[in-house]
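Shown next, in structure tokens, is the structure this report addresses.
The values are calculated or read from the model by the stated rules, or taken from the named source; none is laboratory data. Keep in mind it's a predicted model, so treat the numbers as computed, not measured. In this analysis, Cβ positions are derived from the backbone assuming ideal geometry, glycine residues included, and neighbour counts consider all displayed protein chains. Surface areas here come from the heavy atoms of the whole protein model, side chains and all, with no ligands, DNA or RNA. Shrake-Rupley method; radii C 1.70, N 1.55, O 1.52, S 1.80 Å.
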Amino acid sequence: METESDTQQVDEKLYSRQLYVMGHEAQKKMMVSDVLVVGLSGLGVEVAKNIILAGVKSVTLYDPSPVTYSDLGGNFYFDESVVGAPRASTCAGRLSELNQYVPVKVVDTLSPKGMSCCVVTVPMKTEELLKLNESCRTAGCAFISSQVAGVFSQVFCDFGAEFIVADKDGEAPQMSQIEAVTVSNPGVCKVLEDHGRHGLESGDTVKFSRVQGMPELSETEHVIKSTGPFTFEIGDCSGFSGAATQGYITQVKKPVKLTFKPLSEALDNPGELMLSDFAKFDRPGLLHAAFRGLAKYTDTNGPITPGDATAGAAVVSNTKGFFDGDLSEDQEKLIASMASGSTAVLSPMCAAIGGIVGQEVLKACSGKFTPINGFLYFDAAETLPDEPLPAGEVAPRESRYDSQIACFGFEAQQKILKLSYFLVGGGAIGCEMLKNWAMMGVACGKGGEVHITDMDRIEKSNLSRQFLFRNTDINSAKSTTGAKAAKVMNPSFNITPHELRVGSETEDIFGDNFYDKLDGVCTALDNVEARLYMDQRCVFYGLPMLESGTLGTKGNTQIVVPGLTENYGATRDPPEKSIPVCTLKNFPNQIQHTLQWARDYFEGDFKQAAEDVNAYLSSPNFEETLNAQQNTKTETLLKIRKTLVEERPYSFEECIVWARLKFEQLFNNDIKQLLHNFPPDQVTSAGTPFWSGTKRCPSPVTFDAEAVCEDAEMKNHFDFIVACANLRAEMYGIKGNTEPAFFMETLSNVIVPDFTPKDGVKIAANEAEAKEGEGKADSGDIDANQILADLPAPTTLAGFRLKPVEFDKDIDDHMLFVTACSNLRAINYRIPTEDTHKSRAIAGKIIPAIATTTALVTGLICLELYKLVGTPRKKLTAEAYKSGFLNLAIPFMTLSEPQPPAAQKTILKGKEWSFTAWDSLTMDVGDVTLQEFLDYWKNEYNLEISMLSFGVSMLYSSFANKAKLAERLPKKMSVICEEIKKSPLPENQLFLTFEICVDDIDSGEEVEVPYVKYRFR
């Protein structure tokens, strides 16, 4: 029976990155789900924002309460002018702008009837909350209750007595290639070790496909028993026709049924509480009791005024009645602090908990991922003063920063206003960071400033998670658009946007004098290279770095504090493995191999070929450049001759003919030649079958315009011709066509030449032979010179140029070619094919992304910013800082103390000195001569410099030419460096970095020291 979700059409351009997290089925379920959000303070607007961006069917808002100054700390659609206005109706219009597909309405009666999920985000009286939970159960509506009380928070989920989770973790099903399956009882399956462990657990279900030698196994499912990382057992295979030698296994995910307790039962019997910080084993139980104690007080007395010690004592007393055991003095202080700041609405806390709650809503709507079953408690108590601040320091001032003042005091807020930070990246994390900083008041006072830089332009696929951008902003710069939107949220925000890459090429802009004025750096980047560069800058200038990243529902945060923690670059992931050349060219066995091959082909025929022709036609020193490429010289010229002369099309019909002949060459003729060289029954010198293990024996594909592949259900034959012909036409400036009838008519007239494999064609059988072939010289200058002489002179083609087509994963025509090309090669080798959506992710190396995870990681990292700023009556140690790892799908979150920097010991001035990557030997005596530089280390440190280097150049060595040394010694250090660089030092450069090798003058022993940071201006 067809359901409403089956008929939904997903906007793949808008939800592109999110679809790689949720999948099409879950997205369609979300698109028929109505959500009720109760409470539109800071947490409510964050939840609403996240689920609207995600694309639920509709969002209904309920909150008639008036806007207060506390709300301004978290709701980014409120300002001072709306204080006193109803919260829901005040922000509904702005929320509706986030997603054109999601209507937002306001109701004045609270009812979950007809809703898929009801989420409460503000404190309610306990009796009312219990009634609402029961109403939700009766209506078949998932119920979520959440609240933020300063730096403390609570989340509760009740999805009913029976809730089905279709995919508990969202991980891609495990897939392995079969090496062998035995004819035995039980059958033993061994997977190819080259491709890693099978990743399965006993009880998992797998499906076999394309099995060679044991056809009975193909397309059957089996529950396995894991017997090792590369082996597992299945059922009885003793009666099967023979042992399996190749094939694929794919994990089959099975639905899971969950049962939830209603709130009335869970309050007294919460069960096991989720732990988010291993340094706080007792915290969840304590906060469960504390939130009940707080609710008992506020149910009768209403909200607590910040600094009200009497109310705090009452909450502590109430908590004792709910807590199993005695409260320690520290625990009582913690509860009193929670009570004092319970009305505070902090943007980072709202962002973090809004990310968690938003994902729980999506779980309720889609059945994708494992929900929180019961309660979750999270706090950032490390940010608070150790002792209560005076009432006057935390008292409300009718300011948009009243919530932060209530928690950290007026003095700390003044520090936040004066901060100067560099935000590198204006994408999803960058947008969230700007929003949080605008709410917190970062750089919103005199002397404060935020610089943001991002080279990228806004694309439609950004809009589902980069919430500062709208449809009208597409193609605008991310940095300037984000800065403008943040200033609307807080007009006092001092922010300067840049559209520059960070790196050595922009150090004239982001130089010494730029970093000298900063308090810290925040990275919102999507590549490791830029992160490592910024890490080097932070280490050099002694600046803290706020680092975070996401991958679908997974996220991480790292707080880097000078001298206290290790820097970002101290630990690195191993580099990604590359695909061997011979595997790509002749022996693919995974769809990743065929997709990379298709990408390479696209690059060669539609981009490189055009660039080579254009270079020949326009470059005056073309021959000189060509002669420098001896190994590829003739190959390049042959390609130019084919592209410019032999295969140059003059009509679109000729482009279709070319595409059809390419099909025949790539998927039929080349395979026949390969099988001619290595027949199916070929054996190696060791007597084993050549086509075994990772080498899959291919078969030619016969062209059939109507053919549909088994797995992806795509018309790869026809799609290849359409995409290939249109790309060819684009390259030559010929008008394209996609009309099927036109193609079919043209194809019917194409004459495809017969092909006979040739003897003597060399094909590399392994990686060693492939590398040997790469090193061999080209076919010679005689052939190359003759080809070059035969080409039409550039003057005869004045003005003619080809258009190189740059592959773009977000252009459908490009992906149609790559997908069809990849699938056809996969069919050659009996590899399961993939649709365009999955192929786009692999070929384009797309990073899955969703707004909920982004909100959570930025909230967590902004909590670390509070710690960096500091608060009165608080001495922060390394234990107070937290780096985080999380996965909203499971759900899982762990915060831990960051690692200290690795230390190295040396003897300096007769005393032991321990130094880390953060340390340098600073020399700030002005710009001195080389002789004065050498004397400085003798006089100050009793060290003799034996070698002194600047970058890769040696400035001084004890064994250098004496005449050259005598010439350099009286010169200023900056002058010597300019002579070496052969260019003047930039005006904004204040420092030079030197490496020195030194010996102790008294002992003559070598002394290990860090680099020298020399200030010459």
(Q) As an exercise: evaluate Q147 against (1) open to solvent by 20 Å² or more (accessible area, probe 1.4 Å); (2) part of a strand (DSSP E or B); (3) farther than 23 Å from E265 by Cα and give the number of the one condition it does not meet. (A) (3)
Q | Residue under evaluation A889, criteria (1) in a loop (DSSP other than H, G, I, E, B); (2) at pLDDT below 95, criterion not met | A | (2)
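Sort out which residues of the range 417-445 are in a helix (DSSP H, G or I) and of a type in the set (V, I, T), and write them in order of number.
Restricting attention to the range 417-445, the residues satisfying the condition of being in a helix (DSSP H, G or I) are 417, 428-440.
Within the range 417-445, just I429 meets the criteria.
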(Q) I'm checking my understanding of the structure. Among residues of the range 935-952 that are of a type in the set (A, V, I, L, M, F, W, C) and not in a strand (DSSP E or B), which one is nearest to L969 (Cα to Cα)? (A) W937
Q. What residue, of V998, V1009, V975, is closer than 20 Å to S920 by Cα and either open to solvent by 60 Å² or more (accessible area, probe 1.4 Å) or not in a strand (DSSP E or B) (or both)?
A. V1009
Q: Starting from the range 787-801, keep only residues that are in contact (Cβ under 8 Å) with a residue 24 or more places away in the chain, then list their pairs with residues that are of a type in the set (S, T, N, Q) whose Cβ atoms are within a distance under 8 Å, requiring at least 6 positions of separation or different chains.
A: I787/T634; P794/S618; R801/N614; R801/S618
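Hey, could you check the range 239-281 for residues that are part of a loop (DSSP other than H, G, I, E, B) and among the acidic types (D, E) and say which is nearest to P173 (Cα to Cα)? Outline the logic, then answer.
Start the filter on the range 239-281 by keeping residues that are part of a loop (DSSP other than H, G, I, E, B), which leaves 239-243, 245, 253-255, 259-262, 267-273, 275-276, 278-281.
Imposing the further condition that a residue be among the acidic types (D, E) reduces the set to 268, 272.
Working: D268: 39, E272: 29 Å.
Only one residue tops the list, namely E272.
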Q.
Anything in the range 239-282 that is in contact with a helix residue (DSSP H, G or I) (Cβ under 9 Å, 6 or more places away or on another chain) and of a type in the set (S, T, Y)? List them, or say none.
A. S241, S264, S276
Q. Is it fair to say K672 is over 40 Å from the mean Cα position of the chain (by Cα) and open to solvent by 40 Å² or more (accessible area, probe 1.4 Å)?
A. yes
Q) Of all the residues that make up the range 861-886, how many are in a loop (DSSP other than H, G, I, E, B), among the β-branched types (V, I, T) and either surrounded by 15 or more Cβ atoms within 10 Å (Cβ to Cβ) or in contact with a helix residue (DSSP H, G or I) (Cβ under 8 Å, 6 or more places away or on another chain) (or both)? A) 1
Q: Kindly indicate whether V47 is in contact with a helix residue (DSSP H, G or I) (Cβ under 8 Å, 6 or more places away or on another chain) and surrounded by fewer than 23 Cβ atoms within 10 Å (Cβ to Cβ).
A: no
Q) Among the numbered criteria (1) in contact (Cβ under 8 Å) with a residue 40 or more places away in the chain; (2) open to solvent by 10 Å² or more (accessible area, probe 1.4 Å); (3) more than 28 Å from the chain's Cα centre (by Cα), which single criterion is violated by A412? A) (2)
(Q) For the range 29-38, check the following and say yes or no: at least one residue is at pLDDT 95 or above, charged (D, E, K, R), open to solvent by 10 Å² or more (accessible area, probe 1.4 Å) and part of a helix (DSSP H, G or I). (A) yes
Q | Residues of the range 69-119 classified as among the β-branched types (V, I, T) and in a loop (DSSP other than H, G, I, E, B), total | A | 4
(Q) If F892 satisfies all but one of (1) surrounded by fewer than 22 Cβ atoms within 10 Å (Cβ to Cβ); (2) more than 18 Å from N50 (Cβ to Cβ); (3) in contact (Cβ under 8 Å) with a residue 24 or more places away in the chain, what's the number of the condition it fails? (A) (3)
Q | Subset of the range 300-326 (residues that are more than 18 Å from M124 (Cα to Cα), open to solvent by less than 70 Å² (accessible area, probe 1.4 Å) and in contact with a Lys or Arg (Cβ under 6 Å, 6 or more places away or on another chain)) | A | none
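Can you give me the number of residues within the range 675-696 that are under 40 Å from the mean Cα position of the chain (by Cα) and not in a loop (DSSP other than H, G, I, E, B)? Reasoning before the result, please.
In the first step, residues of the range 675-696 are kept if they are under 40 Å from the mean Cα position of the chain (by Cα); the result is 691-696.
From the residues that got through so far, the ones that are not in a loop (DSSP other than H, G, I, E, B) too are none.
Residues in the range 675-696 being under 40 Å from the mean Cα position of the chain (by Cα) and not in a loop (DSSP other than H, G, I, E, B): 0 in total.
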Q | Pick from the range 97-115, criterion open to solvent by 50 Å² or more (accessible area, probe 1.4 Å) and polar (S, T, N, Q), ranking: nearest to the chain's Cα centre (by Cα) | A | Q100
